[in-house]
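Heads up: the structure comes next, in structure tokens.
The values are calculated or read from the model by the stated rules, or taken from the named source; none is laboratory data. Here the structure is a predicted model, which means the values were calculated and not measured. With ideal geometry, Cβ positions are generated from the backbone for all residues, glycine too; neighbour counts draw on all protein chains shown. Areas reflect the complete protein model, heavy atoms only, side chains present, ligands, DNA and RNA absent. Shrake-Rupley method; radii C 1.70, N 1.55, O 1.52, S 1.80 Å.
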Amino acid sequence: MPRLNTPEELEGFRQELVSKRDPNKPCISICAGAGCIASGAAEVIEAFKAEIESQGLAAKVDTKGTGCPGFCEQGPVVVIYPEEICYLGVTAKDVPEIVSETIKENKIVERLFFKDPVTGVRAVHEYDISFYKAQERTVLCNNIKIDSKSIDDYLALGGYTALAKALSQMTDVEVLEEVKRSNLRGRGGAGFPAGRKWEGSRNADEPIKYVIVNADEGDPGAFMDRALLEGNPHSILEGLILGGYAIASHEGYFYVRQEYPLAVENINLAIKQAESYGLLGENILGSGFDFKVMVHQGAGAFVCGESTALMTSLEGRAGEPRPKYTRSNIKGLWNRPSVLNNVETWANVPHIINRGADWFNTVGTDSSKGTKIFSLVGKITNTGLVEVPMGMTLRDIIYKIGGGIPDGKKFKAVQTGGPSGGCIPEDQLDLQVGFDELTQAGSMMGSGGMIVLDEDTCMVDVARYFIHFLTDESCGKCVPCREGLRQMDRILTNITQGRGKEGDIELLEELSETAVEASLCALGKSAPNPFLSTLRYFREEYEAHIREKRCPALACKALISFYIDPDKCLACGICRKKCPAGAIDGDKKIIHIIDQELCTNCGTCFEVCPAKFGAVTKISGVPVPAPLAQEKRMIIKKAPKESPKKNQGKAGKNE
Amino acid sequence: MDTCTKLSKTDPPVDPQINQQVGQQSDRKIDQQLEKLVDRVIDKHKGEASALLQVLLDIQSENSWLPKQALGRVSERLEVPLNRIQHIVTFYKAFSLVPKGRHKVHICVGTACHVRGATRILDTVEEAIGIKPGETDLELKFSLETVNCLGCCALGPVMEVDGKVHGKMSPVKASEVLKIYE
Amino acid sequence: MSEVQFEIDGKRVKAAKGKTILEAAREEGIYIPSLCYHEKLEPFGGCRLCIVEVEERGWTKMVVSCVYPVAENIKVTTRSEKIDRIRKTIIELLMAHAPEAPELVKLAEEYGADRDRYEQDTSFCIHCGLCVRYCNEVKGKNAIGFVDRGINKEISFIPEIAAVECNDCKECFPLCPTSYLQAAFVLAQALSFPPSKPGTGE
């Protein structure tokens, strides 16, 4: 590993790398992110390597495991360069065919292509896929092109150009000014202007300062940072070093949640590689700037994603947040100026330095510049990571990119911002995505989680889910959060189980006000948001649960009953066989009946009743109809109306 | 499997296979091995009190759980009071104060998985192993935990066993996965 | 030591720089309620009862006075409809756990709090932290600490240390607003203290 002592040496090394790489040489890129690995990508990578070897093609074809491009549901994802042919859901069994057809014969294997859920058209190239088309993958684009364990891949694509430029052509103040001018706002949740945060630290009167990467991505449903940490760790590292330079800090930290072991591994590897190349350590690229980086793992606490709690955790303590009366960019880690930013924020910095603040400002809305990565998950056809310019409408994201709601279901709401956010209903789908726009609608951008909910989702249960999540994740120090959430959880659970009372909504509102005004930290202050936003847009669901003991979405187990419609049941017997509680009575040609006393509401009968019959229904808020009398349960072949002469007697043997 | 009782978070560890006399000797040997491990980890982190979480994580990754003796040694060497260590090992959910099973089962109950039916997966797994989250079966075969997001949201519902992620689970598939493990 | 001048409830006051609003108010005879404040201990900011409104440089915000430092020309309001409403809710939330605690009963009367507003769950500990903080900061014995988090948070004695230190001390006992501490000690003593051996304290 060469040590690069000047920007010229770095550039020279890069040219050397690039010249050794033939852009027309076939390269099979297989995503090696956690999602695809879970779907069997490791076996696929091995299979490709073995097949290429056995076909004697090893010298002519590259094979590599790469970073995550975010299309996890359709993984393992394979992209073949230079054509950018994209195959999805590849298994080890498909490998010989791909090698013989595509690699050797330049033919396509059509069944492995992406099939558009709406048009049914197959997409050949990665850029044809409707999921990717409307995206603007400024930050994520390189993931599928680089082996995330290779620094050379990152360098060959222009990595560390920004660092070289900053250290040799810009002063530290100029770097800070550029980030300020870009109007980059934090991508972790609050959307605070990064440049202003950096400036506060820079101007603080204290020689030792810190820059910190918040890689404790705790919002359930969000995995943007995972893809970046695993897939392109150097991009974040480069941003961090630039940040250190800008504020005159010489010590950086990565705080990575331990639930992401691959991310921890790749970040540690990236740091070692950067150190050996002289891009980290003393006198980086001969600039005289020293910088070192340490990695700390989280230990399973959502609250440690809050910046002051994270710093307390870095100090080796329980992650209890501190009041922000003195901002942490002035008094943070060890009471020293500390700039803490999210992974995605740091990953944007090299782009801003390379292409300039003016370029960054060409994308986005007036108050939210640049792109944002969202994790589009839940009841959506094309699930995965989506990077779009700020200002794109929710409708475009959900329908153009996401392919709409599967199974013919109706859209109900989209939940953004994790446990601190809220739900946005259908009539607001033309909302442009941006920090202030989402906040005004009663939600927030958060770290980028975007969970799509359909007609089968109960909004009261959504509120209950998030509040319940926080009862365990709260640090427990202050009364409004700890006790407020305890009571809110109790009341919301009662409501979803049919024990709601008049006055419950008012109680919940009182508790919400206290938590919002008096909680110690942002976790408590934002905890009532899921409740407040679902109350704002779906109040009738709360009222139905409380007054009528009815769940309009037919989801709350305690408020629904399963009922077999006698007009539709044709006694196929599947439900009776599958019922784990033995609660269904019936026989051949005898209309089946569910014994409500024995039924556990597991929903199996509902799932297994063949779609052409659709006889099992859910009822809520009204009593279950009395079971049919025995003699009426026999299924008789219906006689045609025109021939009254036919005998309409007992059950026949036909049918 | 469904009739066994469980080790909960506050029960003292049980090792029924070692008899009393041999037990005392073995215990001392285990004690010495453990102390060596703890010292090695602390030295790796240069005995810094701020590295407390990393020290505990490293001890646990090798020993699979944190015996009281280990905590005492950490307290002594890092000069950190026991009540702070006690708070930390109960505050952070990654730590376990009771022995873990050979196979660690994590069911993701994050929002995306929840919306796709994670609760049913959890019910099935609880039923199959006979324990609730936070518990270990008495044969020390399985430990069960819920996790609030593994970052594989597009593959929900997700179950992780010994670090291997199984996506697109259903109650039937989850039972099948558990059967593979000895 | 420099001083700052500011206003509390319309009254012009002076206080040394570095004091908190709560300290300054009490010195002026203006009573702001608190359950977790103690003059010998570092401010905790846990009960939130001491919440006040502060107008500073044109912005009004709600802060907890036991932590917030005094500053030149700020305007502090210690009672208002909103403040009272929040304090009432806090008292009611705590009374769900300790409905008979004398301090809570007194506060309930003042703020019109209803002890039955929330479902009773008499676990008694209100997490003021006085016992833990006193033992840590004043006695330096660290015989008791917090465990777990969120709604599962509790206080817990360290048996080995408490068995040796507490019987001759017990200075934290009178601090507990609900007397839960005494009960927890007795329980810990009975269930988890190691059997005593002379000389070793083990």
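Sorting A:428-436, B:109-117 by their mean Cβ neighbour count within 10 Å, with the most densely packed peptide first, gives B:109-117, A:428-436. Dipole orientation for chain A: of the candidates A:7, A:613, A:328, A:613 has the Cα lying most toward the positive pole (charges on Cβ; Lys, Arg +1; Asp, Glu -1). Sorted largest first, the spans of the alpha carbon positions of region A:7-132 along the three principal axes are 51, 33, 27 Å. Of the solvent-accessible surface of region C:41-200, computed with a 1.4 Å probe over protein heavy atoms with every protein chain present, carbon and sulfur atoms account for 51 percent.
Dividing the convex hull volume of the alpha carbon atoms of region A:108-148 by its residue count gives 89 Å³ per residue. The alpha carbons of region A:4-78 give a radius of gyration and a Dmax of 15.7, 43 Å, in that order. For region A:571-596, the residues whose backbone nitrogen is under 12 Å from a point 7 Å from the Cα of residue B:172, taken along Cα to Cβ, are A:578. Residues in region A:247-259 carry Karplus couplings, in order, of 9, 6, 10, 10, 9, x, 10, 10, 10, 10, 5, 6, 6 Hz; the curve used is 6.51 cos²θ - 1.76 cosθ + 1.60 with θ = phi - 60°, and Gly or Pro positions show x. In this assembly, the C-A interface accounts for approximately 2900 Å² of buried accessible surface in total, computed with a 1.4 Å probe and without ligands, DNA or RNA.
Ignoring aspartates and glutamates fewer than eight residues from residue A:588 along the same chain, the ones with Cα atoms less than 19 angstrom from its Cα are A:565, A:567, A:631, A:655.
Considering only beta bridges that DSSP places wholly inside the protein assembly as shown, some 65 percent are antiparallel.
Give me the Kirkwood hydrodynamic radius of region C:106-202 in Å, from all C-alpha pairs, to one decimal place? After inverting the pairwise mean of 1/r, the radius is 15.0 Å. In loop segments of region A:38-105 as defined by DSSP, there are no chymotrypsin sites (Phe, Trp or Tyr not before Pro) with at most 12 further C-beta atoms inside 10 Å of their C-beta. Summarising the amide proton neighbourhood of residue A:378: residues at separation of 5 or more, or on other chains, whose placed amide H is nearer than 5 Å comprise A:452. When the Cα positions of A:373, A:228, A:466 are compared along the charge dipole of chain A, A:466 comes out farthest toward the positive end, with charges on each C-beta of Lys, Arg, Asp and Glu.
Peptides A:508-520, A:308-320 ranked from most to least packed by the mean count of surrounding Cβ atoms within 10 Å: A:308-320, A:508-520. Among beta bridges identified by DSSP and lying wholly in chain B, the antiparallel ones come to about 60 percent.
In units of the rule-of-thumb radius 2.2 N^0.38 Å, region A:585-641 shows an alpha carbon radius of gyration of 1.29. Projecting the Cα atoms of A:558, A:142, C:30 onto the dipole axis of the protein assembly as shown, where Lys and Arg carry +1 and Asp and Glu carry -1 at the beta carbon, places A:558 farthest toward the positive end. Its Cα gyration tensor gives region C:1-160 an equivalent ellipsoid. The semi-axes, each the square root of 5 times an eigenvalue, are 29, 22, 12 Å from largest down.
Each of residue A:13 and residue A:619 was given a label point 7 Å from its Cα along the Cα-to-Cβ line. The distance between the two points is 7.4 nm.
Pairs spanning more than 26 Å between alpha-carbon atoms, out of A:49/A:104; A:372/B:164; A:410/A:501; A:331/A:477; A:577/B:179: A:372/B:164; A:410/A:501.
Of all aspartates and glutamates in the structure, those lying under 20 Å Cα to Cα from residue B:141, and not within fewer than 8 positions of it along the same chain, are B:2, B:11, B:15, B:62, B:123, B:126, B:127, B:160, B:162, B:176, B:182. Take each residue in A:509-515, count the other chain C-beta atoms within 10 Å of its C-beta, and the mean is 4.
Distant-in-sequence amide contacts of residue A:431, defined by a placed amide H-H separation under 5 Å and a gap of 5 or more residues or a different chain, comprise A:394, A:395. For chain C, the dipole from Cβ point charges (+1 on Lys and Arg, -1 on Asp and Glu) about the Cα centre works out to 400 debye, to the nearest 20. Scaled to the globular estimate 2.2 N^0.38 Å, the Cα spread of region A:371-457, given as radius of gyration, is 0.95. Pairs of Lys residues in region C:19-166 that lie 8 or more places apart, or on two chains, and have C-alpha atoms under 13 angstrom apart add up to 4. In this calculation the C-beta distance from residue A:173 to residue A:547 is compared with R0 = 51 Å, giving a FRET efficiency of 0.20.
Among the residues of C:129-140, the average count of other protein chain beta-carbon atoms within 10 Å of the residue beta-carbon is 1. Taken over the C-alpha atoms, region A:510-650 has Rg and Dmax values of 22.4, 82 angstrom.
Database remark: amide H of residue A:253 closer than 5 angstrom to the amide H of A:211, A:212, A:213, A:294 (H placed geometrically; neighbours at sequence offset of 5 or more, or on other chains; Pro and chain starts carry no H). Under a model in which nothing but the beta-carbon of Lys, Arg (+1) and Asp, Glu (-1) is charged, region C:3-79 shows a dipole of about 80 debye around its Cα centre. The largest-to-smallest principal axis extents of the Cα set in chain B are 47, 40, 24 Å. Within a straight-line Cα-Cα reach of under 19 Å, residue A:400 can be paired with the following aspartates and glutamates, leaving aside sequence neighbours fewer than 8 residues apart in one chain: A:73, A:116, A:126, A:128, A:136, A:387, A:426, A:427, A:430, A:454.
Here the Kirkwood formula, the inverse mean of 1/r across different C-alpha pairs, assigns the protein assembly as shown a hydrodynamic radius of 31.5 Å.
Counts of other chain beta carbons within 10 angstrom of each beta carbon in peptide B:50-61 average 4. Per residue, the average separation of C-alpha pairs within less than 8 Å and at least 6 apart gives chain A a relative contact order of 11 percent. About the centre of its Cα atoms, the protein assembly as shown shows a dipole size close to 2080 debye [charges on the beta carbon of Lys, Arg (+1) and Asp, Glu (-1) only; nearest 20 debye].
Of the solvent-accessible surface of region A:435-495, computed with a 1.4 Å probe and all protein chains present, 46% belongs to carbon and sulfur. When you restrict to C-alpha pairs under 8 Å that are six or more residues apart and normalise by the size of chain B, the relative contact order lands at 24 percent.
Based on protein heavy atoms only, the protein assembly as shown ends up with 42 Å² per residue of surface accessible to a 1.4 Å probe.
With 0.36 nm allotted per residue and the present C-alpha distance subtracted, the residue A:497-residue A:91 stretch has 141.8 nm of extension available.
Each 5 Å bin, from zero up to the one with the longest distance, holds this percent of the alpha carbon pairs of region C:3-79: 3, 18, 31, 27, 16, 4, 0. In region A:159-362, the alpha-carbon atoms span a convex hull of 110 Å³ per residue.
A Förster radius of 25 Å, combined with the Cβ-Cβ distance separating residue C:109 from residue C:81, puts the computed FRET efficiency at roughly 0.85.
As a rough guide to protection, the peptides A:537-550, A:230-243 ranked by mean Cβ packing within 10 Å, highest first, stand as A:230-243, A:537-550.
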